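Below is one structure; the comments refer to it alone.
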Amino acid sequence: LEAGRGVKRPTLKQVEEWNESGIEVLKMDSIDLDEGKPLPWSPMLLCVTYATQRNLSKSNGPDSHRAGVEILEKILDGRFPYSVPPPESWKPHEETPAAPTAEDSDADEDSDYGVDLLVL
């Protein structure tokens, strides 16, 4: 997201400030804080970062809800690229046999629906 859309990764200081202000964007106890390693993304971190960089705010801080809605709207409009890899358990389906065509059936040649008509 950051390369083509201008959403820059937040600094550790920003994340700590948001967490201290009551906006839990990232659980600090569950991440490895090696120097030079980028912080991992979380949905809340993405929304708060987007809101901060776009000046979307409420009285008590960044408006993460509005930012999330804007991000989803842009994804649905095709302005943000979005893809999800298939699950690892996914296997392609085997080729299914083609449906029989009118030429394969024993239908009357006059029938438009490829069905034999019963004449009484």
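Please work out the FRET efficiency for the pair Asn55 and Lys27, using the Cβ-Cβ distance as r and a Förster radius of 25 Å; give the result to the nearest 0.05.
0.40
Report, by chain and number, residues whose modeled amide H sits under 5 Å from the one on Ser57, excluding near sequence neighbours (fewer than 5 apart, same chain).
Counting only residues 5 or more places away or on other chains, the set is Asp63.
May I ask you to rank His93, His65 by accessible area, largest first, using a 1.4 Å probe over the protein chains only?
Result, largest first: His93, His65.
With the crude spin-label approximation of a point 7 Å out along Cα→Cβ, what separation in nm comes out for Phe80 versus His65?
Going from the Phe80 label point to the His65 one covers 1.8 nm.
HN-Hα J couplings of the stretch 7-12 from phi, Karplus 6.51/-1.76/1.60, θ = phi - 60°, integer Hz, Gly and Pro as x?
8, 8, 4, x, 8, 4
Mind ranking Ser42, Ser59 by accessible surface for me, highest first, 1.4 Å probe?
Highest to lowest solvent-accessible surface, that is Ser59, Ser42.
The values are calculated or read from the model by the stated rules, or taken from the named source; none is laboratory data. Only a predicted model underlies this, so the values are computations on that prediction, with no experimental measurement involved. Glycine gets a Cβ as well: all are built from the backbone with ideal geometry, and neighbour counts include every protein chain shown. For the accessible areas, the whole protein counts, side chains as well, though only heavy atoms, and no ligand, DNA or RNA atoms are used. Shrake-Rupley method; radii C 1.70, N 1.55, O 1.52, S 1.80 Å.
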